[in-house]
Amino acid sequence: MNIPTYKRWLSYFVDVPLEVTDSEYHPYLAVVLSKGRKQLLCEKAIYSFDDKYANFKLAFDIIDFTRWQPKNILLLGLGLGSIPFMLEKKFGVKTHYTAVEIDAEVVRLAQKFTLKDLESSFEIFTTDAAQFILSNENKFDLIAVDIFAEDIIPNKFKQLAFVRHLKDTLSDDGLIMYNQFALTKEDRDGSERFKDVFLNVFSKGLSKQVNYNMMLFNHGKYFRRNVT
């Protein structure tokens, strides 16, 4: 979407509203321009922030995309499309995405404000991610799990069965990046409990603190050589 220059300039001083709406799943959704970047806001959380979506930006910084580029990517949770935006614009990854997002209004906003300006191709399923994983028969090189209902990760996505289904959906040597909250002590404790579940399936898995979140990886094969 072409945003007037004056709005971009103004956004460095004050957030500039671009669209406010609602949906079956969100009583409040807003796209605002903040410091030149597009944010998708709900009542209790920021769902997207272009290349300033720090948890995934810091996680992608760990990956050496010069020696590994995924040919197909599964997004569980789309938001405004920060993940494909960053991968294409900042890391040079142009690929095919399968995106799963339960909220049709979020999909509409992503297509309007982000996806149509990218060169990568997209297949979008407006459905529940758990149901998609159960019925899916394709394999993916990268699976990015970024599923939140406001500021909560629904419990069904923290179960051992779900993680096992994720493993079945992964290509050989594929990479999973699973975003978890780690802001408060309660968040960190919950993330540590889920980490134990994750490691039950991925014995070589590891975690990295990224901003106020914890990112879980099933392996570190594609990490930059100076990452410990």
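Some notes on this structure:
- Identity of the residue in the stretch 206-219, modelled with pLDDT of 95 or more and part of a loop (DSSP other than H, G, I, E, B), that ends up farthest from residue 169 (Cα to Cα): 219
- From the options 71, 35, 44, 7, residue that is on the phi > 0 side of the Ramachandran plot, surrounded by fewer than 16 Cβ atoms within 10 Å (Cβ to Cβ) and of a type in the set (Lys, Arg): 35
- Here the condition is being crowded, with 17+ Cβ neighbours inside 10 Å, touching a residue at least 12 places away in the same chain (Cβ under 8 Å), in a loop (DSSP other than H, G, I, E, B) and in contact with a strand residue (DSSP E or B) (Cβ under 8 Å, 6 or more places away or on another chain); of 147, 133, it holds for 147 alone.
- Residue selected from the stretch 151-203 under the condition hydroxyl-bearing (Ser, Thr, Tyr) and surrounded by 17 or more Cβ atoms within 10 Å (Cβ to Cβ), by the criterion nearest to the chain's Cα centre (by Cα): 178
- Test: residue in the stretch 178-200 that is among the aliphatic types (A, V, I, L, M) and part of a strand (DSSP E or B): no
- Among the residues making up the stretch 133-150, those that are within 15 Å of the chain's Cα centre (by Cα) and of a type in the set (Gly, Ala, Ser) are 144, 149.
- The listed residue being without any contact (Cβ under 8 Å) to a residue 60 or more places away in the chain and surrounded by 17 or more Cβ atoms within 10 Å (Cβ to Cβ), out of 81, 77: 81
- The condition of being assigned to a loop (DSSP other than H, G, I, E, B) and under 22 Å from residue 207 (Cβ atoms) holds for only one of 65, 56, that being 65.
- Per-region count, the stretch 82-118, residues more than 15 Å from residue 46 (Cβ to Cβ) and in a loop (DSSP other than H, G, I, E, B): 10
- Residues that are β-branched (Val, Ile, Thr), outside any strand (DSSP E or B) and without any contact (Cβ under 8 Å) to a residue 60 or more places away in the chain within the stretch 153-177 comprise 153, 163, listed in sequence order.
- Which numbered condition residue 197 misses (of (1) over 24 Å from residue 223 (Cα atoms); (2) of a type in the set (A, V, I, L, M, F, W, C); (3) in contact with a helix residue (DSSP H, G or I) (Cβ under 8 Å, 6 or more places away or on another chain)): (1)
- Filter result (among the small types (Gly, Ala, Ser) and either under 9 Å from residue 99 (Cβ atoms) or touching a Cys at 6+ places or on another chain (Cβ under 7 Å) (or both)) within the stretch 62-88: 77, 81
The values are calculated or read from the model by the stated rules, or taken from the named source; none is laboratory data. From a predicted model like this one, the values you see are computed outputs, not experimental measurements. Here the Cβ is made from the backbone with ideal geometry for all residues, glycine too, and neighbour counts use every protein chain on show.
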